[in-house]
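Asks: Supplied in structure tokens, the structure appears directly below.
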Amino acid sequence: MNEYFIFFRNVAFFFATAMLVKYYVFLLVAPFYPVQEALRRFRLERNRKRSGAIRYVPKVSVIIPAWNEEVGILKTVTSVLWGKYRNTEIIVVNDGSTDGSHQVMQEFIADGLKRGLFDEGKIRYFYKENGGKGAALNFGIGRALGEIVLTVDADSALEKNAIARLVEYFEDKRIDAVVGNVRVAKNPSVVGFTQQLEYLFGFYFKRAHSVLGAEYIFGGACAAFRKSAVFDRLGLFDTSNKTEDIEMSMRIRYHGLRSAYAEDVICYTEGASTIHGLINQRLRWKKGRMDTFLKYRRMFFSFDWRRHNVFLSWFVLPFSLLAEIQLLFEPISITFLATYSFVPGDYLSITLGSLFVLVIYIVTAFFSGDLKLMWILFLFPFTWPLFYFLVWVEYLALLKSIKMVFRG
């Protein structure tokens, strides 16, 4: 019995140490993101002055795939339509909706044209048979006229300056894909508040990915691509993958194209509203990521450094996979932590873990400005139960994903 206890203690210690290293590196690297961005903007401005080039204003095709989005579709469309960047076309692809979204869109376009609010062709609306989000995106890309393709979920809304700021990143010809800063809209429920915190910290750590050149997830809520470099060269979204956005992200990095995280390109999205919806969302993410990792397994510990980023292949991707393995041991780890702490009365592990979470709060608040320091004392005591609630949701989704893999 003692041998089993020692074994599981060592397993828990290994995973705890690995995750501590990962987040410690991220916390050290992330604050350098503003410096990186300032240098990038300085370089672009200098090159623009030297060449005498006019400001870069390409046509941006904004593709909005929609399925039963009667309630929120107009909010998404108008957030693009009334944005400050004018050289855009909006392509709405209704993927066989069965609610009133078709009528809502037709009436909105007809009314807008009649009142002269926008020109004909500014909004191009298509209704097609249901084929899934990936098929809807591909349908829109096939009809896009813009040099830049921006995908936005139909339950999201762009900040007014989002596209104008997005274009600045693509002025750097070395960048072929950009992922925006997605924030969960305010939701008073426990599920909604938990996702707000999760996205806040998750997108803060994308700063570290960007500094290391290792960003590999361009979420469909707000992701942009240089059409000629990505879709014309690498093909369209993989409709067989449950997370077509993650597969495309990994495909882009697999072929050596460069990407960037745009913290100032802000998009607000609706998070899952119920626990059941949250579990289904994470199930799709887990299964899709599992399939994608398997498909691009050669990127892990790759020596093809001319094409594959070293930090991505040797640090970010392995730790992402390790996190999924750790999740399988989470019930055992929690049990061990409780036994090790409460039975002998040694609370050092819990204390150190709590302090590390507090450090993450402070660093995020200090460097990002999205979390006020005055909120730390209020939010901190609730962090453990909220995030462990999320851990159990992820754990259930992972078990279902593995079950789906074995069932084929």
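The values are calculated or read from the model by the stated rules, or taken from the named source; none is laboratory data. These numbers were taken from a predicted model, which means no experiment stands behind them. Here the Cβ positions follow ideal geometry from the backbone for every residue, glycine too, while neighbour counts run over all protein chains shown. All accessible areas refer to the heavy atoms of the entire protein, side chains included, with ligands and DNA or RNA removed. Shrake-Rupley method; radii C 1.70, N 1.55, O 1.52, S 1.80 Å.
Asks: Within segment 368-408, which residues are farther than 25 Å from residue 331 by Cβ and either surrounded by 17 or more Cβ atoms within 10 Å (Cβ to Cβ) or at pLDDT 75 or above (or both)?
Replies: 368, 371
Asks: Is segment 316-330 home to any residue that is surrounded by fewer than 15 Cβ atoms within 10 Å (Cβ to Cβ) and part of a loop (DSSP other than H, G, I, E, B)?
Replies: The answer is no; no qualifying residue exists.
Asks: Can you tell me which of 310, 316, 363 is at pLDDT 90 or above, more than 24 Å from residue 13 (Cα to Cα) and under 25 Å from the mean Cα position of the chain (by Cα)? Show your work before the answer.
Replies: Values: 316 fails: more than 24 Å from residue 13 (Cα to Cα); 363 fails: at pLDDT 90 or above.
One residue alone meets the criteria, 310.
Asks: Separate question: Return the residues of segment 226-266 that are part of a loop (DSSP other than H, G, I, E, B) and in contact with a strand residue (DSSP E or B) (Cβ under 8 Å, 6 or more places away or on another chain); say none if nothing qualifies. Don't jump to the end; show me each part of the working.
Replies: First, the residues of segment 226-266 that are part of a loop (DSSP other than H, G, I, E, B): 227-230, 235-243, 255-257.
Within segment 226-266, 227, 229, 230, 257 meet the criteria.
Asks: Output the residues belonging to segment 113-130 that are surrounded by fewer than 17 Cβ atoms within 10 Å (Cβ to Cβ) and assigned to a strand (DSSP E or B). Spell out how you get there, then give the answer.
Replies: We begin by selecting, within segment 113-130, every residue surrounded by fewer than 17 Cβ atoms within 10 Å (Cβ to Cβ); these are 113-122, 126-130.
Of everything in segment 113-130, those that are surrounded by fewer than 17 Cβ atoms within 10 Å (Cβ to Cβ) and assigned to a strand (DSSP E or B) turn out to be 126, 127, 128.
Asks: Any chance you could count how many residues in segment 179-225 are within 19 Å of residue 268 (Cα to Cα), of a type outside the set (Lys, Arg) and in a strand (DSSP E or B)?
Replies: Looking only at segment 179-225, we keep the residues that are within 19 Å of residue 268 (Cα to Cα), and these are 179-207, 217-224.
Cutting the leftovers down to of a type outside the set (Lys, Arg) gives us 179-182, 184-185, 187-205, 217-224.
This time we only want the ones that are in a strand (DSSP E or B), so: 179-182, 184, 222-224.
Of the residues in that region, 8 qualify.
Asks: Can you spot a residue in segment 161-177 that is farther than 20 Å from residue 41 by Cβ and out of contact with any Pro (no Cβ under 6 Å at 6 or more places or on another chain)? Explain how you work it out, then say what you get.
Replies: We begin by selecting, within segment 161-177, every residue farther than 20 Å from residue 41 by Cβ; these are none.
Scanning segment 161-177, I find no residue that is farther than 20 Å from residue 41 by Cβ and out of contact with any Pro (no Cβ under 6 Å at 6 or more places or on another chain), so the answer is no.
Asks: On the given criteria, is residue 184 among the β-branched types (Val, Ile, Thr), touching a strand residue (DSSP E or B) at 6+ places or on another chain (Cβ under 9 Å) and within 26 Å of residue 393 (Cβ to Cβ)? Break it down into steps so the answer makes sense when it comes.
Replies: Values: among the β-branched types (Val, Ile, Thr): yes; touching a strand residue (DSSP E or B) at 6+ places or on another chain (Cβ under 9 Å): yes; within 26 Å of residue 393 (Cβ to Cβ): yes.
Against the criterion (among the β-branched types (Val, Ile, Thr), touching a strand residue (DSSP E or B) at 6+ places or on another chain (Cβ under 9 Å) and within 26 Å of residue 393 (Cβ to Cβ)), residue 184 qualifies.
Asks: Let me ask something else. Does residue 176 meet the test of being within 29 Å of residue 27 (Cα to Cα) and in a loop (DSSP other than H, G, I, E, B)?
Replies: Values: within 29 Å of residue 27 (Cα to Cα): yes; in a loop (DSSP other than H, G, I, E, B): no.
Criteria not met by residue 176.
Asks: Among residues belonging to segment 237-278 that are under 17 Å from the mean Cα position of the chain (by Cα) and under 21 Å from residue 396 (Cα atoms), point out the one that is most open to solvent (accessible area, probe 1.4 Å). Write out each step before concluding.
Replies: Filtering segment 237-278 down to residues under 17 Å from the mean Cα position of the chain (by Cα) leaves 237, 241-253, 258-272, 278.
Then keep just the ones that are under 21 Å from residue 396 (Cα atoms); that gives 241-243, 246, 271-272, 278.
Details: 241: 16, 242: 93, 243: 1, 246: 11, 271: 25, 272: 13, 278: 1 Å².
This residue is 242.
Asks: In addition: Please report, ordered by residue number, the helices (runs of 4 or more DSSP H) entirely within segment 1-112 with at least 1 residues that are charged (D, E, K, R), closer than 16 Å to residue 157 by Cα and open to solvent by 10 Å² or more (accessible area, probe 1.4 Å).
Replies: Details: elements: 2-29, 33-51, 73-81.
Once the helices (runs of 4 or more DSSP H) in segment 1-112 are filtered for at least 1 residues that are charged (D, E, K, R), closer than 16 Å to residue 157 by Cα and open to solvent by 10 Å² or more (accessible area, probe 1.4 Å), what remains is 73-81.
Asks: Moving on. From the list 176, 172, which one is in contact with a strand residue (DSSP E or B) (Cβ under 6 Å, 6 or more places away or on another chain), over 16 Å from residue 270 (Cβ atoms) and open to solvent by 10 Å² or more (accessible area, probe 1.4 Å)?
Replies: Only one candidate qualifies: 176.
Asks: Right, here's the next one. So residue 225 ticks every box in (1) crowded, with 22+ Cβ neighbours inside 10 Å; (2) out of contact with any Leu (no Cβ under 6 Å at 6 or more places or on another chain); (3) modelled with pLDDT under 95 but one. Which box is left unticked?
Replies: So the condition that residue 225 fails would be (3).
Okay, residues lined up against (1) farther than 27 Å from residue 278 by Cβ; (2) in contact with a helix residue (DSSP H, G or I) (Cβ under 7 Å, 6 or more places away or on another chain); (3) of a type outside the set (D, E, K, R):
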{"site": "156", "(1), (2), (3)": "no, yes, yes"}
{"site": "166", "(1), (2), (3)": "yes, no, yes"}
{"site": "197", "(1), (2), (3)": "no, yes, yes"}
{"site": "202", "(1), (2), (3)": "no, no, yes"}
{"site": "218", "(1), (2), (3)": "no, yes, yes"}
{"site": "222", "(1), (2), (3)": "no, no, yes"}
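Asks: May I ask you to list the residues in segment 131-151 that are more than 23 Å from residue 84 (Cα to Cα), part of a loop (DSSP other than H, G, I, E, B) and either β-branched (Val, Ile, Thr) or touching a strand residue (DSSP E or B) at 6+ places or on another chain (Cβ under 8 Å) (or both)?
Replies: 131, 132, 143
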